[in-house]
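Take a look at the structure set out below.
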Amino acid sequence: MPVFELADRLVVGVASSALFDLRESDAVFREQGEEAYRAHQEENVDHTLRPGVAFAFVRRLLSLNDLSEPGDPLVEVIILSRNDPDTGLRVMRSIQAHGLPISRAIFRQGRSPYPFMTALNMSLFLSADGGDVREAVAAGLPAGHVLGSAYADDPADRDLRIAFDFDGVLASDAAEQVFQSAGLEEFRAHEARNAATPHDPGPLRDFLAGVNRIQRREEERRRNDPGYEMRVHVSIVTARNAPAHERAVRSLKEWGVRVNDAFFLGGIDKGAVMKVLNPHIFFDDQVTHLESTSRTTPSVHVPFGRINETAP
């Protein structure tokens, strides 16, 4: 078999707990133990699992491979699972039943799979296991803990809407540390003084760069087909406002990445904005923000930076 190169693709790792609703299976494991869990999965191997928090995001991301040549996909999604191959069989059959073009998986029988992220060129790993995610982020890897419920997906809607917080997600948390230690006014003054100095990149900057590559492919398609409708839409939704907005905009430009929309909310509840924006996934580093957004929006906690060092 020829070598399948990952270097020029957007590679996302997803745990079965993020892709599917595993609450019933997890309850069996917690209440009855591993052997009962194995028996439960074997008995239900042909019962297709329901979509989980990241399902709509993953399905739509994979659909963008229609922009590439057959056999040379822009996007590759790989299952990273703590299941062993036997109990993982239900996951793979569910993937097939839902028609998801996912063929690669790593099953590790109770061990964390995230150490393989670098070898697989992954720019994102999603899991419902908060411990795995924290370990991955502590190791300098781009990972997120999914929160909330599955998106009420509309198959007729072909768009993919992705929303990011800025500090601690796309950028480092250096400015957030100023806010936490010195307060809002000093934060604004600090950002105004340093408006021309780009931030250091945060954990998901490279993932955004990969999404931008797909957007450029969409632009090429539209140049050749003026009737093509752009499907990928990227927003930042941040508590920053003027004058701190300028450094964020300049940083994106300096990094060579871009977003379609920017919401500089200055403390306005992000959850209210998410109801209207309706993204398929939203990334933030602060649980307090996600408590609001996760009520209506598939949300991802990126436990990066000092504010998460002592958080549960």
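The values are calculated or read from the model by the stated rules, or taken from the named source; none is laboratory data. Values in this document were obtained by computation on a predicted structure and should not be read as measured data. When we count neighbours, we look across all protein chains shown, and the Cβ atoms used for this are built from the backbone with ideal geometry, even at glycine. All accessible areas refer to the heavy atoms of the entire protein, side chains included, with ligands and DNA or RNA removed. Shrake-Rupley method; radii C 1.70, N 1.55, O 1.52, S 1.80 Å.
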- Note on the structure: Filtering the stretch 117-144 down to residues that are in a loop (DSSP other than H, G, I, E, B), in contact with a helix residue (DSSP H, G or I) (Cβ under 8 Å, 6 or more places away or on another chain) and open to solvent by 10 Å² or more (accessible area, probe 1.4 Å) yields Ala128, Asp129, Ala139, Leu141, Pro142
- Among the residues of the stretch 39-61, is any β-branched (Val, Ile, Thr), closer than 28 Å to Asp225 by Cα and either surrounded by 16 or more Cβ atoms within 10 Å (Cβ to Cβ) or at pLDDT below 95 (or both)? yes
- Residues of the stretch 129-146 being of a type in the set (A, V, I, L, M) and touching an Asp or Glu at 6+ places or on another chain (Cβ under 8 Å), which ones? Ala143
- Item | Conditions (1) out of contact with any helix residue (DSSP H, G or I) (no Cβ under 6 Å at 6 or more places or on another chain); (2) open to solvent by 50 Å² or more (accessible area, probe 1.4 Å); (3) over 27 Å from Ile214 (Cα atoms): number failed by Gly110 | (2)
- Task: Mind listing just one residue for me: the one in the stretch 218-234 that is part of a helix (DSSP H, G or I) and open to solvent by less than 60 Å² (accessible area, probe 1.4 Å) and, of those, nearest to Asp66 (Cα to Cα)?
- Result: Glu218
- Message: Residues that are free of Cβ contacts under 8 Å to residues at least 40 places away in the same chain and either hydrophobic (A, V, I, L, M, F, W, C) or surrounded by 16 or more Cβ atoms within 10 Å (Cβ to Cβ) (or both), at least 2 per element: which strands (runs of 3 or more DSSP E) completely within the stretch 243-312 meet that?
- Response: 261-264
